[in-house]
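The values are calculated or read from the model by the stated rules, or taken from the named source; none is laboratory data. The shown structure was predicted, so the numbers you read here are calculated from the model rather than taken from an experiment. Glycine gets a Cβ as well: all are built from the backbone with ideal geometry, and neighbour counts include every protein chain shown.
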Amino acid sequence: MHRLLLTLGTLSFFIVGLTLAFNAKASNPTLLIMAEDEDGETIPRNNRISTRILNELVNQLDGRGFDVYDETAVTLRTHAQGRTRRSDAELLDVAKSIRRPPIDVVIFFRILSDVTRKKYQNEVRLRMEGRLLSVSDGRRLGSWEAKLPEDRDQVWLLPNRCFPEGGSMSRSCLLESVGDDARTLAQEVGAIVTDKLEANIGSTSSGGQEGGLKRGFNLVFDGFSSSDYRDMEEYLTIFSGYIDHRPVRSSHLRREVFYESTISTSRLERNLHKMLEVLELPYVLKFSGNTYTIKAKNLRKKRGGSDTKKKFKW
């Protein structure tokens, strides 16, 4: 009997462990890394230093279990390729337009190099800046700055061959000289970025809050009476991952709500369908980007009981 209980306990622990591992993986956001190079002083995205840093960032994030998507692969059929010196507006437009898969977080980075020529030596400094942005609601999730060398008294020295007599600095020589150090810089940045992402994702709490990235959703209720909306509002607060909701616009039969939660988009959609079916409110639900529009149909059915919500796991 004791052996049976021990076996069942071990099996239960194993199942719970698998469930938690699956939930942690499922809650991970989809990531896109984009180089900012609009400023003429930054290294362009098609530069080998930029490419090397991007690849190292991908390795760091992938090693920590994050899903990173390649910009070229997900935009090959829909966007012009190989563009450099892109503005922030263009980068955001591209990130928001990607639908397969939808991008949750964009990691922007830019690389600045400063070359100082002296009579007796040629010095170079490399600095990397970046920020994390939630695509759905534009929320900034953090920023960073890293540089090599860290000590102001230390500098990288470029060989004289990088500056042929009577000519400008050799680009290929610069790339060769700082390439390995740029990779080291990317490793440091990768550790910073993963820590910031993990801090924003959080974990599933004992109170039932679904672990995941905090997101902002726009919920539009069109054609429902005040009484209907009050009934629906009670459900919105018991959905898993719920954080807060705020009215954005309100009229007699239309309400717009900004809804903050760590819930996944698929689960939120299921919950909305389930809520409207329980309340027996004829509806049409449409979803685009981070906006859910629930439009009432003209026909109404007899309303259900208010205790029905307790039968479901939201």
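Condition check ((1) of a type in the set (Val, Ile, Thr); (2) crowded, with 17+ Cβ neighbours inside 10 Å; (3) modelled with pLDDT under 95) across all residues:
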| residue | (1), (2), (3) |
| --- | --- |
| 91 | no, yes, no |
| 94 | yes, yes, no |
| 99 | no, no, yes |
| 102 | no, no, yes |
| 105 | yes, yes, no |
| 108 | no, yes, no |
| 111 | yes, yes, yes |
| 115 | yes, no, yes |
| 122 | no, yes, yes |
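Among the numbered criteria (1) of a type outside the set (A, V, I, L, M, F, W, C); (2) at pLDDT 90 or above; (3) part of a helix (DSSP H, G or I), which one does residue 138 miss?
Here residue 138 meets the rest and fails (3).
Since residue 191 meets every condition but one in (1) of a type outside the set (Val, Ile, Thr); (2) over 26 Å from residue 87 (Cα atoms); (3) in a strand (DSSP E or B), which condition does it not meet?
Looking at each condition in turn, residue 191 falls short on (3).
Does residue 203 satisfy the condition of being modelled with pLDDT under 90, touching a helix residue (DSSP H, G or I) at 6+ places or on another chain (Cβ under 6 Å) and more than 14 Å from residue 49 (Cα to Cα)?
No: the conditions fail for residue 203.
For region 58-97, how many residues meet the condition of being within 22 Å of residue 48 (Cβ to Cβ), in a helix (DSSP H, G or I) and in contact (Cβ under 8 Å) with a residue 24 or more places away in the chain?
6
Cβ-Cβ below 9 Å, separation at least six or inter-chain, first residue in region 245-269 and assigned by TED's automatic domain parsing to the domain that holds residue 295 and among the β-branched types (Val, Ile, Thr), second in a helix (DSSP H, G or I) and at pLDDT below 95: which pairs?
Pairs that qualify, where the first residue is assigned by TED's automatic domain parsing to the domain that holds residue 295 and among the β-branched types (Val, Ile, Thr) and the partner is in a helix (DSSP H, G or I) and at pLDDT below 95, are 262/201.
Only one residue in 165, 198, 188, 176 is at pLDDT 85 or above, farther than 19 Å from residue 139 by Cβ and out of contact with any Asp or Glu (no Cβ under 7 Å at 6 or more places or on another chain). Which one? Walk me through how you get there before you give the answer.
Values: 165 fails: at pLDDT 85 or above; 198 fails: farther than 19 Å from residue 139 by Cβ; 176 fails: at pLDDT 85 or above.
That would be 188, the only listed residue that is at pLDDT 85 or above, farther than 19 Å from residue 139 by Cβ and out of contact with any Asp or Glu (no Cβ under 7 Å at 6 or more places or on another chain).
Look at region 224-244 and say how many of its residues are surrounded by fewer than 17 Cβ atoms within 10 Å (Cβ to Cβ), touching a residue at least 60 places away in the same chain (Cβ under 8 Å) and of a type in the set (Gly, Ala, Ser).
Adding up the residues that qualify gives 0.
Identify, please: which residue in region 98-130 is among the hydrophobic types (A, V, I, L, M, F, W, C) and in a loop (DSSP other than H, G, I, E, B) and is, among those, farthest from residue 215 (Cα to Cα)?
Within region 98-130, the first condition is being among the hydrophobic types (A, V, I, L, M, F, W, C), and the residues that meet it are 98, 103, 105-109, 111-112, 115, 124, 126, 128.
Imposing the further condition that a residue be in a loop (DSSP other than H, G, I, E, B) reduces the set to 98, 103.
On the way: 98: 17, 103: 12 Å.
Filtering first and then ranking leaves 98.
Does residue 158 fit the bill of being at pLDDT 80 or above and touching a strand residue (DSSP E or B) at 6+ places or on another chain (Cβ under 6 Å)?
In short, yes.
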